[in-house]
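J.: Can you read through this structure? Questions will come right after.
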Amino acid sequence: MDIRDKLAIQRTVLANQRTLLAFGTGALAIAVAGVTLIKFFTGSWIHWAGWGLLPCAALVLIIGIMNYKTQNRRIGQVSE
């Protein structure tokens, strides 16, 4: 494996890490939106929409982690 291949694999690893951070940021934004709706809109359907966003945030984070692990495994197979 020459230097170009090693650098390409390193770029792919960094891109995978950046994607995981993007999923985390998205999940955090969804969770903050949900908490904001819960705190500021009591007794309306918007309040319940806020509660609905919290599991969505957890789901986005879980999908991001699963995606990261899958891609990391594939990258490891290629680099061997």
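J.: So how many residues does the stretch 34-50 have that are aromatic (Phe, Trp, Tyr) and either at pLDDT 95 or above or surrounded by fewer than 11 Cβ atoms within 10 Å (Cβ to Cβ) (or both)?
T.: Going through the stretch 34-50 one residue at a time, the tally reaches 2.
J.: In this structure, is Thr25 loosely packed, with under 15 Cβ neighbours inside 10 Å, under 30 Å from Ser79 (Cα atoms) and hydroxyl-bearing (Ser, Thr, Tyr)?
T.: yes
J.: I'd like the full set of residues that are aliphatic (A, V, I, L, M) and under 24 Å from Asp5 (Cβ atoms), limited to the stretch 47-80.
T.: Passing the criteria: Ile75, Val78.
J.: Another question, if that's okay. Determine, yes or no, whether Val35 is more than 17 Å from the chain's Cα centre (by Cα), touching a residue at least 40 places away in the same chain (Cβ under 8 Å) and assigned to a helix (DSSP H, G or I).
T.: So Val35 fails the test.
J.: Now for a different question. Is it true that Ile63 is aliphatic (A, V, I, L, M), surrounded by 11 or more Cβ atoms within 10 Å (Cβ to Cβ) and under 15 Å from Leu21 (Cβ atoms)?
T.: yes
J.: Taking the condition loosely packed, with under 14 Cβ neighbours inside 10 Å and at pLDDT below 95, does Lys6 pass?
T.: yes
J.: For the stretch 20-45, which residues satisfy the criterion of being farther than 13 Å from Ile62 by Cα and not small (Gly, Ala, Ser)?
T.: Ile30, Val32, Val35, Thr36, Leu37, Ile38, Lys39, Phe40, Phe41, Thr42, Trp45
J.: Condition test on Val78, is it at pLDDT below 95 and either surrounded by fewer than 11 Cβ atoms within 10 Å (Cβ to Cβ) or assigned to a helix (DSSP H, G or I) (or both)?
T.: It is true that Val78 is at pLDDT below 95 and either surrounded by fewer than 11 Cβ atoms within 10 Å (Cβ to Cβ) or assigned to a helix (DSSP H, G or I) (or both).
The values are calculated or read from the model by the stated rules, or taken from the named source; none is laboratory data. The structure presented is a predicted model; accordingly, all values stated were derived computationally and were not measured. Counting neighbours? That spans all protein chains shown, and the Cβs are built from the backbone with ideal geometry, glycine included.
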